[in-house]
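Report on one structure; see the data block that follows.
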Amino acid sequence: MSKQRAKWVVGNWKMHGRLAENEVLLRALVDGAGTAATGTVRVGVCVPAPYLAQAEALLREAPLVWGVQDVSAYAEGAYTGEVAAGMAADFGATLAIVGHSERRAYHGERSEVVALKAQRALDAGLTPIVCVGETLEQRESGATQAVVGAQIDAVLAALPVAGLARIVVAYEPVWAIGTGKSATAEQAQEMHAFLRARLASKDAALADVPLLYGGSVKPDNAQTLFGQKDIDGGLIGGASLKSQDFLAICAAAR
Ligand code: PEP
């Protein structure tokens, strides 16, 4: 019997925001966080790396955590333009999204590189949020489980169990991201159950790895999605840029 797992709601701002508008958004989250982030709901925001210092300054005293949307596969070195996980940790970050479908699609990130990034995040004390998900074409051709299985297997093969026990996995069907067309609760639950079984088959200690759903989560569908047995919360893109929507999604996770 699995223990009661905490819920997570994490915002992914993508490449949005400027200092002034970030401040308004972050202050609204701090004001609402008392009710949004209770003992059983962990709330975080993954901001563009240049705004880590701002997130640290504004969120330090709040029950909110912050992080980045990607990290380098290397700890340091001649990798112009890259941000090392340890640099994010210097600014109090505790989360790092890795393997987002936009990184896979536009930057050619393969699952082996995603696994390296997850390891670098763990090395720096960050929680990697490992994103997996299929395209519409893959779903329609019946390849969903093969694609998502291969993506998670690459991470399961590369990391030790002790590290894997500290990751979070986000199932984000590519066709649902930013499209307004969320997966149904049944479609999402089916893939979460699949991922949970895959993790548990590697080691029983991985059965309780938090599994987040991402893809057009909104205040009006969050509760149904988060109510599914194997869905432990959400990774929220567009709706995380509107404080009212994001806080309503956090409330739906309680
Ligand atoms: C995302 O980018 O991780 C995401 C889930 O986006 P959206 O909520 O906008 O679909």
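Protein-only accessible surface at a 1.4 angstrom probe places the residues K242, K229, K202 in the order K229, K242, K202, largest first.
With only alpha-carbon pairs counted, each pair once and no self-pairs, how large is the Kirkwood hydrodynamic radius of the stretch 134-205 in angstroms? Don't skip to the end; give the middle numbers.
Values: mean 1/r = 0.0764 Å⁻¹.
Radius from the Kirkwood sum: 13.1 Å.
The label point for D31 and the one for R166, both projected 7 Å from the Cα toward the Cβ, are 3.7 nm apart. The Cβ shell under 9 Å around V114 holds other residues with a net charge of +2, Lys and Arg each +1, Asp and Glu each -1. Loop-located GluC sites (Glu not before Pro) in the stretch 74-125 (DSSP state other than H, G, I, E, B) with a sparse environment of at most 12 neighbouring Cβ atoms within 10 Å: E76. Residues whose amide H comes within less than 5 Å of that of I236, counting only those at least five positions distant or on another chain, are V10, G11, N12 (H built at 1.01 Å from N in the peptide plane). Please tell me the relative contact order of the stretch 130-182 in percent, rounded to the nearest whole number, where contacts are Cα pairs under 8 Å and at least six residues apart. Relative contact order of the stretch 130-182: 56 percent.
In summary, the chain shows an alpha-carbon radius of gyration equal to 0.93 times the 2.2 N^0.38 Å reference for compact globular proteins. Counting heavy atoms of the protein chains alone, H107 has an accessible area of about 110 Å² for a 1.4 Å probe.
Is the stretch 35-142 best put as rounded, prolate or oblate by its Cα gyration tensor, with a ≥ b ≥ c the root eigenvalues, rounded for a/c under 1.5, and otherwise prolate when a/b is larger than b/c, oblate when not?
Values: a/c = 2.24, a/b = 1.29, b/c = 1.74.
Since a/c reaches 1.5 but b/c is at least a/b, the shape of the stretch 35-142 is classed as oblate.
For the chain, adding -39500 (n - 2.57) for each run of n ≥ 4 DSSP H residues and dividing by the number of residues yields -13000 deg cm²/dmol at 222 nm.
Scanning residues 5 or more positions from V98 or on other chains, those with amide H under 5 Å from its amide H are I129, V130, C131, with H placed 1.01 Å from N in the peptide plane. Multiplying the residue separation of D90 and T184 by 0.36 nm and subtracting their alpha-carbon distance yields 30.0 nm. Largest mean-square fluctuation among S240, S141, S101, in a Gaussian network model of the chain whose springs join Cα atoms under 10 Å apart, belongs to S141.
What does the charge count near T144 come to, summing +1 for each Lys or Arg and -1 for each Asp or Glu among other residues with Cβ under 12 Å from its Cβ? Present the calculation step by step, with values, prior to reporting the outcome.
Working: positive: R139; negative: E134, E137, E140, E190.
Its environment carries a net charge of -3.
Rank these by accessible area, largest first, 1.4 Å probe: Y213, Y106, Y51, Y74. Mind showing how you got there, number by number?
Numbers: Y213 0, Y106 170, Y51 40, Y74 105 Å².
My answer, sorted largest first, is Y106, Y74, Y51, Y213.
Around V10, under 12 Å between beta carbons, what's the net of Lys plus Arg minus Asp minus Glu among the other residues? The answer is 0. Treating each Cα of the stretch 106-246 as an identical point scatterer and summing with the Debye formula, the log10 of I(q)/I(0) at q = 0.10, 0.15 Å⁻¹ comes to -0.32, -0.73.
Once neighbouring chains are kept in place and the probe is 1.4 Å, which whole percent of the accessible area of the stretch 44-147 is contributed by carbon and sulfur? Could the numbers behind the result be given before it?
On the way: 2460 of 4720 Å².
Looking at the stretch 44-147 in its full context, I get 52 percent from C and S.
Across the stretch 238-248, coupling constants 3J(HN,Hα) worked out from phi with the 6.51/-1.76/1.60 Karplus curve, θ = phi - 60°, read x, 6, 7, 8, 10, 4, 4, 5, 5, 5, 5 Hz, and Gly and Pro carry x.
Modelled label positions at E137 and R110, each set 7 Å beyond Cα in the direction of Cβ, lie 1.9 nm from each other. Residues in the stretch 66-188 average 43 Å² of solvent-accessible surface per residue, probe 1.4 Å, ligands and nucleic acids excluded. Loop-located trypsin sites (Lys or Arg not before Pro) in the stretch 90-198 (DSSP state other than H, G, I, E, B) with a sparse environment of at most 14 neighbouring Cβ atoms within 10 Å: R110, K181.
The values are calculated or read from the model by the stated rules, or taken from the named source; none is laboratory data. Fair warning: this is a prediction, and the values are worked out from it, not measured in the lab. Note that we place each Cβ from the backbone using ideal geometry, even for glycine, and neighbour counts take in every protein chain shown. Heads up: the accessible areas ignore ligands, DNA and RNA and are worked out on the full protein's heavy atoms, side chains in. Shrake-Rupley method; radii C 1.70, N 1.55, O 1.52, S 1.80 Å.
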